[in-house]
1. Step by step: first the residues of the range 1-13, then only those that are touching a residue at least 40 places away in the same chain (Cβ under 8 Å) and open to solvent by less than 90 Å² (accessible area, probe 1.4 Å), then the one that is farthest from the chain's Cα centre (by Cα). Which residue is that?
2. Look at the range 14-47 and say how many of its residues are surrounded by 17 or more Cβ atoms within 10 Å (Cβ to Cβ), closer than 21 Å to Ala83 by Cβ and without any contact (Cβ under 8 Å) to a residue 60 or more places away in the chain.
3. When the residues of the range 48-59 are narrowed to those that are in a helix (DSSP H, G or I) and open to solvent by 50 Å² or more (accessible area, probe 1.4 Å), which ends up modelled with the lowest pLDDT?
4. Suppose the filter is of a type in the set (S, T, N, Q) and either modelled with pLDDT under 95 or not in a helix (DSSP H, G or I) (or both); does Thr92 pass it?
Amino acid sequence: MTTTTKLEKKTFPLVGAGVGLVAFLAVGLLPSLLYGGYAGVLLASGVFGAPVGASFAVRALIVFGMVLGVTSVAALFAVAGAAAGAVVGALTRGHGTHHEAGGAGKV
């Protein structure tokens with residue numbers, strides 16, 4: 001029977017989170033910026049009125065929406081990657097399903 005350390009148990013989820021963040025940079029960065037900016041514009045138009053001006057507060061709300069969109073989507077990618085890494089780690093380790101050879105009727 002082999003024992004695994006805490007670091008060995010965390011390796012697959014950490015690698016999965018890294019892969020998820022790389023996938024976010026490749027696939028999700030631009031859409032999260034665009035949709036976050038659009039949400040910021042909608043928030044600014046709701047707070048300050050429909051034809052939004054180019055004031056500091058409006059720009060701050062738009063930047064806030066963009067930052068919120070990027071961080072939330074990056075967190076989603078990282079958590080999904082870590083979960084996928086944990087599943088891969090669990091499938092490769094087997095979790096105690098090792099059978100002894102010829103041990104069908106051992107007492």
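1. We begin by selecting, within the range 1-13, every residue touching a residue at least 40 places away in the same chain (Cβ under 8 Å); these are 1, 4, 9, 11-13.
Then keep just the ones that are open to solvent by less than 90 Å² (accessible area, probe 1.4 Å); that gives 4, 11-13.
Values: Thr4: 26, Thr11: 16, Phe12: 14, Pro13: 11 Å.
Here the residue is Thr4.
2. Counting residues in the range 14-47 that are surrounded by 17 or more Cβ atoms within 10 Å (Cβ to Cβ), closer than 21 Å to Ala83 by Cβ and without any contact (Cβ under 8 Å) to a residue 60 or more places away in the chain gives 3.
3. Checking each candidate, the answer is Phe48.
4. yes
The values are calculated or read from the model by the stated rules, or taken from the named source; none is laboratory data. Nothing here was measured: the structure is a model prediction, and the numbers come from that model. Glycine gets a Cβ as well: all are built from the backbone with ideal geometry, and neighbour counts include every protein chain shown. In case anyone asks, the SASA skips ligands and DNA or RNA and just uses the protein heavy atoms, side chains included. Shrake-Rupley method; radii C 1.70, N 1.55, O 1.52, S 1.80 Å.
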